[in-house]
1. Rank these for me by crowding, Ile253, Ile219, going from fewest to most other beta carbons within 10 Å.
2. For the chain, build the charge dipole from Cβ charges (+1 Lys, Arg; -1 Asp, Glu) around the Cα centre, then report which of Phe552, Leu159, Ile33 sits farthest towards its positive end.
3. Past the 30 Å Cα-Cα mark, which pairs from Lys412/Lys479; Lys430/Lys516; Lys336/Lys430; Lys412/Lys519?
4. With everything on Cα atoms, drop me the angle between helix 332-343 and the longest principal axis of the chain, reported from 0 to 90° to the nearest 10.
5. How much of the DSSP beta bridge set in the chain is antiparallel, as a percent to the nearest 5?
6. How high is the relative contact order of the chain, given as a whole-number percent (alpha carbon pairs under 8 Å, six or more residues apart)?
7. To the nearest 20 debye, what is the magnitude of the charge dipole of segment 447-488 about its Cα centre, counting +1 on the Cβ of each Lys and Arg and -1 on the Cβ of each Asp and Glu?
8. Among Asp339, Asp394, Asp431, which comes first, then next, by fewest other beta-carbon atoms within 10 Å?
Amino acid sequence: MRFLSPEWFIFVPLLIAAGWYWKRMALWRPLRILILSVLVLILVRPEVRYLGEGLDLWVLVDRSASAEQLLQPRLPELRKVLDRSKRKSDRIQFVDFADVAMVRGENDEVVFDGNTLHTRTALAIRHALSQMPDNRSARILLLTDGYSTEPLNDLAERLVSQQVPLDYRLLVKDEAGDVRVAGVTLPTRVQVAEPFLVTVELAGDADQVVPYTIIRDGIQGGSGTENLRAGQGEIRFADRLSQPGGHRYQVQIAPVIDSHPANNIGEAWIEVVAGPRVLLISGYEPDPLADSLRRQGFDVQTVSDPRTLNDGMLSGARVVLFNNVPAYRIPSPFLKSLDFFVRIQGGGLLMAGGHFSFGSGGYFESPIDPLLPVSMDLREEHRKLSVAMAIVMDRSGSMGAGVPGGKPGTTKMDLANEGSARVIELLGSKDAVTVFAVDRTAHEIIPLTTLGQHKGELISTVRRVQSMGGGIFVYNGLKAGWGELRRANVGQRHLILFSDAADSEQPDDYKNLVAKMVKEGASISVIGLGTDQDSDAGFLKDIAARGNGRMFFNSNPADLPALFAQEAVAVARSAFIEEPVTVEDAGGWLELAARGQSSGCRRRMGTT
């Protein structure tokens, strides 16, 4: 017990003195003693402690570009001060944050691989609050430069409700000046080939010459310098566009004297409108369908490289047509935008059949699955042969990071676990599965097991995998997964490798290992957390290419369960029938054809 206002205890000796001096007050009577004691207790405000001993201190370290140089040289000293003041029962937990929040492991090793151009302070605080145990006292120490790139609304209410004090230390430097892109102004909508003016406003704390670069739809379109006078500058240029749809303009500046580089980019969109337009996303080059549509009077925009797709291309389009393009090649933001395009804007959506369409193309549980009037789920009659599936997934320390925009406490590891659970859920009772979690070694989570009636038990097991250890040793994971997979006596064997595209180590002799797997009838697909520009992306792409599988890159961990599900359906569905089959005349044939079939005529037919 402790007293929040112990100064009121001064009344005790005063009351004793008064009772002794003024005996006629009769303060010694039991009822009066009881009343006075209760009054004193109310004034001193006693508090009973129900929490455990010790304090949990959560230290949130700002790793953004604007704060890194300020914090890095001071962190060792701050750590020593905290360690000296820590009692035996206290605990200190460090959380590094920028665009994501990552809790440091037990070895206190700092491996932050997030985007440092953002400072998501609110996300870091919420992440720490969600990790705090209920039976211990806790408080937060925030180390930052004070610049947050997201609002801090409702944080005070959350802190008060959990009774967690927040301390902060602002680290600032003598700023020589800051220059920012104050705005990019251009028309909202123009016609094809109509000229228009783009105006870029710059603002700064000091006069200087500022280099700039103009980027349109990801391609550099021009560069130059602007001289700031009285802290103001303006860049103006004219442009005209012949391609209908939405187009994005970006302006990047590179001032010599600058305090906060995070505000050096500005962007704006413009819509170019035209007549009825079809956006044809094709796996063929050239696509004969484009000429056929043009002869019907449509304006056709053909996209043969799906990586270039963006939301703006839907502007002014009447129909989006997928022609034999797999889901993993389509950017996730573009797929998600199709729901609004179809349901709200009334746009048309058509998918042509092929080896890389519908379920076999990985569109099961994708954002456009509910938009298409077909079923892409995995039914028993659609199966090819029994499948043996090996899942090798990253469980390194970075997988313990929180997920931006997700439920409080949800980590990348949780979503990878959910993806593995979806694979098991979609496989049939005659299929087999094995799961390994990999850091520096491969840890067997589930040995090769025929599902049968064990689905619920196996799903529960994979959902409990924890993030720990250092980087991911890919070769160890592939070797362990193949060691189990090769024991399967089924028609199809497939391995799904999930790994961080910026932290995949230990190539070793993976080429011979993959070649051996392919020779014995296995295939490998890779899900890379990150982008194809990350340091180890080339390594992962080579594994998928040599393994005759698919390569997915995904920078949004929230999409992981859907990617796992799409891959499971694409592998386990029936393949196309490639063998020649006899075509026979049937009733009504002569109503469609001028004459009957020639004797011995054979066709190649396919089915999904």
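Taken together, the values in this text are just the output of simple stated rules run on the coordinates, not laboratory data. Only a predicted model underlies this, so the values are computations on that prediction, with no experimental measurement involved. With ideal geometry, Cβ positions are generated from the backbone for all residues, glycine too; neighbour counts draw on all protein chains shown.
1. Working: Ile253 24, Ile219 8.
Final ranking by Cβ density, sparse to dense: Ile219, Ile253.
2. Ile33
3. Values: Lys412/Lys479 24 Å; Lys430/Lys516 25 Å; Lys336/Lys430 34 Å; Lys412/Lys519 34 Å.
Exceeds cut-off: Lys336/Lys430; Lys412/Lys519.
4. Relative to the chain, helix 332-343 is tipped by roughly 80 degrees.
5. On the way: 52 of 118 bridges.
Just about 45 percent of them are antiparallel.
6. Numbers: 1246 pairs, mean separation 54.2, N = 608.
Computed value for the chain: 9 percent relative contact order.
7. Numbers: 6 positive and 2 negative charges, 9 e Å.
Dipole size: approximately 40 debye.
8. Working: Asp339 14, Asp394 27, Asp431 24.
So the residues, fewest neighbours to most, are Asp339, Asp431, Asp394.
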